[in-house]
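> Provided herewith is a single structure, encoded as structure tokens, for subsequent inquiry.
What follows draws every value from the coordinates through simple rules; no lab data is involved. If you're wondering where the values come from, they're calculated on a predicted model, not measured in any experiment. Cβ placement follows ideal geometry from the backbone for every residue including glycine, while neighbour counts extend to all protein chains displayed.
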Amino acid sequence: MTRPHGSGDTTECDRSDLLPPGFPVGDWVVTELIGAGGWSTVYAARPADPSSGGPADVALKIMPTAGLAPLQTRRIVESARREVDLGQRAGHPRLIGLVESFVLAAPDRPSLEGALVLVMERATGSLRELLDAGVPEADRGGLIAGICEGLAHLHRSGWVHADLKPENVLLAGDGSVKLSDFGLATELTGTHGYAPPMGTLDYLPPERWRAPLGERGVRVRPTADIWALGIVVHEVFASGGSPFPGATPMARGASVQAYGQGRAPLRMAPEVPAFWRALAADCLAPNHEARAPHTAESLLARIDAHRGRPGARPGAGRLRHRARAAVLATTLCGIAGATLCADAVRVGPSTPPDRAAATAGTVRVFNAERGCRERADQDRRCSLGLAIDPARPYTADNVVRTRVWHGDVLVADCRFTGGEPIIDEEDARSTDWYRVRLPSGSLPPAAWLPAVRTRDRPSLPDCRRPAAGH
């Protein structure tokens, strides 16, 4: 049985609550079972109404809650919330797409009444299946590059996957990579986040085995994903074999801890080529501090250069800390906490996004996140921050209380060039900023919108180097 779409370790499918082909689930109809695990079951499905205009083929991840203890239900709901949150806020071609989510009404099936349903983009298989069948040599570099692209976007967006493994690397019909299963994905609050004490043993870094468990869970940082990437690289080139000896995950975990404590060397399979051996070794540095310089972006640049891709970006790693600061709509709310978002004051009445038009001396706000363009101001997490000083790092302490949404039209006075570099969710980059007016009585009276947050290019005079808030 296959295990795509993050359904967890596959179990024997003799459960009575499995849905038959033709069973309606919301606006979808089940076509076949994809995989079943302890907490969820994944089905292929098609639209109940073929003329609806939606995707012709999707995957339904169904997470039952009936009969569970309160703590178990809370964990499932939190897992689903993370997947939905990340799916709405960090879309990217290398992440599996989220179509919709809802609570299932199934009065004739009590075990499924109230189940959480995630409707996702359908993949054709997983890297685990490909490893089992044998990865063609010509495809190996491209697969790893695709994983790096997905991780780089996640990390730029302020998230850690926290459960990267071949089962969660899906393959689209064209062979492209799609990272999936964000049930343990963790949003960063500064340099780290907190995740439940869960994960797949074979892909946990040494420090995770002895990480203290606090009220919010265990500390997770992007370097945990880099470690898991190193394991996956080794598996791709070593026919699925782990670089750490042991007959069971616990035994291999003991080998990982011995290596992390300097009591055992790192021994990789001889068939791993020299370039990939060196890259995997950097990913598998024994501690967080040694892995930290090897970001997903810097690793991708190395891979691009090795493969001779014209899109290679040898300096991309230097932009990592600035790039993450550019995810204005959601990451700032996550970093600053509920107060910043709850106290947000809108600039003023907005022209509906589909009818808004900028004129001379104005700029129309653009949100690169498609989901936020569709929801506009219906979701406070889609609000965008305006900077106090465009020459300072774009962090929560450099954002005014007033916030804007996609489609808002703002009055702009001038343009400042050479400010803090900002990269949006589509990797557009700019150092230009527009000074925009705030409502009468606001303090400060003006703030700064990064140029990547608008598609307008009005003819404006240049600003002098600004003082904070002016």
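> Counting other beta carbons within 10 Å of each residue's own, what order do MET120, MET250 fall into, fewest first? Mind showing how you got there, number by number?
Working: MET120 25, MET250 10.
Least crowded to most crowded, the residues run MET250, MET120.
> Highest mean first, how do 162-172, 290-300 rank when packing is the count of other Cβ atoms within 10 Å averaged over residues?
Values: 162-172: 25.0, 290-300: 20.6.
Per-residue Cβ counts within 10 Å, averaged per peptide and sorted highest first, yield 162-172, 290-300.
> Still on this model: So how do GLU271, GLU100 line up by other beta-carbon neighbours within 10 Å, fewest first?
Values: GLU271 10, GLU100 15.
Exposure proxy ranking, most exposed first: GLU271, GLU100.
> Just order 142-153, 75-86 by mean Cβ neighbour count inside 10 Å, highest at the front, would you?
Numbers: 142-153: 23.7, 75-86: 18.2.
Per-residue Cβ counts within 10 Å, averaged per peptide and sorted highest first, yield 142-153, 75-86.
> I would also like to ask the following. Only Lys, Arg, Asp and Glu count, each charged at its Cβ (+1, +1, -1, -1), so figure out the dipole size of the stretch 76-146 about its Cα centre, rounded to 20 debye.
Numbers: 8 positive and 11 negative charges, 38 e Å.
In total the dipole reaches around 180 debye.
> Give, rounded to the nearest 20 debye, the magnitude of the charge dipole that the stretch 24-121 has about its Cα centre when Lys and Arg contribute +1 at Cβ and Asp and Glu contribute -1 at Cβ.
400
> When a/c reaches 1.5 or more, the comparison of a/b and b/c decides; with that in mind, is the stretch 125-321 rounded, prolate or oblate per its Cα gyration tensor?
Values: a/c = 1.39, a/b = 1.14, b/c = 1.21.
Because its axes are fairly even, with a/c under 1.5, the stretch 125-321 counts as rounded.
> So how do 253-264, 382-393 stack up, highest first, on mean other-Cβ count within 10 Å? Numbers along the way, then the final one.
On the way: 253-264: 16.4, 382-393: 22.1.
Highest-to-lowest ranking by the protection proxy: 382-393, 253-264.
> Ok, one more. Within the set of other residues whose C-beta is less than 14 Å from the C-beta of ALA172, count the net charge using Lys and Arg as +1 and Asp and Glu as -1.
Numbers: positive: ARG94, ARG122, LYS178; negative: ASP57, GLU121, GLU129, ASP139, GLU149, ASP174.
That works out to -3.
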